[in-house]
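Notes follow once the structure below has been shown.
The values are calculated or read from the model by the stated rules, or taken from the named source; none is laboratory data. Worth saying up front: this structure is predicted, and the values here are computed from it rather than measured. Note that we place each Cβ from the backbone using ideal geometry, even for glycine, and neighbour counts take in every protein chain shown.
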């Protein structure tokens with residue numbers, strides 16, 4: 001793993017921690033700067049959903065790669 005990839009993973013983990021703590025806006029800001037890989041977009045979509053912005057959540061999920069749509073973590077849980 002490259003240093004840049006490791007830094008992205010750490011930032012994504014920090015954003016997840018912030019979201020779990022209810023700091024959705026802070027998490028969103030971190031994720032929006034990380035790029036457009038499927039793991040980041042999935043977490044960004046979840047943060048949007050937690051904030052109640054379902055349109056932004058759906059848009060982020062749609063930008064995920066087709067492969068990521070087949071994984072259980074992509075699908076909305078009812």
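Just to be sure, is residue 31 within 8 Å of the chain's Cα centre (by Cα), modelled with pLDDT of 95 or more, closer than 23 Å to residue 7 by Cα and assigned to a helix (DSSP H, G or I)?
yes
Selection of region 43-78 for residues being more than 20 Å from residue 22 (Cα to Cα), in a helix (DSSP H, G or I), touching a helix residue (DSSP H, G or I) at 6+ places or on another chain (Cβ under 7 Å) and at pLDDT 55 or above yields 61, 63.
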